[in-house]
């Protein structure tokens, strides 16, 4: 599993490079190609080493500490510590996102450099048994080492959609053979989201089932995860989250923004199917 995810990560970074170089060429000719190459180098470095920090920064996540949030920390930290002992994992860094919509995600380079982020909404909504189930789910992603590829994919998708927006506004005019034409900007608008969707498809749809199974295994019951998913599904629809489609796959449940674009990027199986599989584990 670790080798497969490493290979996928390398392929995704290679695809990012190709798209950025091609986009630079169609937008700016030879000079654009060089800019695209330089941008690709920067994004590859950032995507691999800083994708977790980028994802956390996108949601203004703040470190969850005993000094800043003593009550929340004293509630959550022991749950995480106990699960880490059972799963033989290092303690991840904990983060808090000021967001009413209930959700959570894990990110990081590897188990030794992992982070788990919670929205304030999920901590208010759930009891301790459900929080334990959610934490076990996120640590399941850490244990299976799929947090890196998920974080890299989020960075790549965000970069591609940014290039698409740039292409739309600065498509340029064809003044000579070395310059990109306005048609290129229009073309990028359609191709870039398509490329982003293909990248998201590299994220296995079975990983949520696997993380749910890890939650059931390490908490000793599937029913706390069932209860958590039922609450997440209901309340995330009642309180939509303004999430970037590029990062939707990171969360424990697909953020509901009220728009159809988020569905293009979805890698989550249906909540009903996840619950049915958990019931089958009894």
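A few remarks follow.
Rundown of residues vs (1) over 30 Å from residue 242 (Cβ atoms); (2) free of Cβ contacts under 8 Å to residues at least 60 places away in the same chain; (3) surrounded by 13 or more Cβ atoms within 10 Å (Cβ to Cβ); (4) in contact with a strand residue (DSSP E or B) (Cβ under 7 Å, 6 or more places away or on another chain), yes/no style:
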| residue | (1), (2), (3), (4) |
| --- | --- |
| 57 | no, yes, no, no |
| 63 | no, yes, yes, yes |
| 70 | no, yes, no, no |
| 75 | no, yes, yes, no |
| 80 | no, yes, yes, yes |
| 83 | no, no, yes, no |
| 86 | yes, no, yes, no |
| 92 | no, yes, yes, yes |
| 95 | no, yes, yes, yes |
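- Within segment 257-282, residues that are within 21 Å of residue 226 (Cα to Cα) sit with their Cβ atoms under 8 Å from residues that are assigned to a helix (DSSP H, G or I) and at pLDDT below 70, at 6+ positions apart or across chains, in these pairs: 266/200; 267/200; 267/201.
- Of all residues in segment 227-244, those that are within 17 Å of residue 97 (Cα to Cα) and either at pLDDT below 85 or surrounded by 22 or more Cβ atoms within 10 Å (Cβ to Cβ) (or both) total 6.
- Residues that are out of contact with any helix residue (DSSP H, G or I) (no Cβ under 7 Å at 6 or more places or on another chain) and at pLDDT below 95, drawn from segment 113-160: 113
- Here 253, 203 are screened, and the one residue that is surrounded by 18 or more Cβ atoms within 10 Å (Cβ to Cβ), modelled with pLDDT of 85 or more, in contact with a helix residue (DSSP H, G or I) (Cβ under 6 Å, 6 or more places away or on another chain) and assigned to a loop (DSSP other than H, G, I, E, B) is 253.
- Residues of segment 107-150 classified as surrounded by fewer than 22 Cβ atoms within 10 Å (Cβ to Cβ), under 18 Å from the mean Cα position of the chain (by Cα) and not in a helix (DSSP H, G or I), total: 4
The values are calculated or read from the model by the stated rules, or taken from the named source; none is laboratory data. Note that this is a predicted model, so its numbers are computed, not measured. Note that each Cβ is placed from the backbone with ideal geometry, even for glycine, and that neighbours are counted across all protein chains shown.
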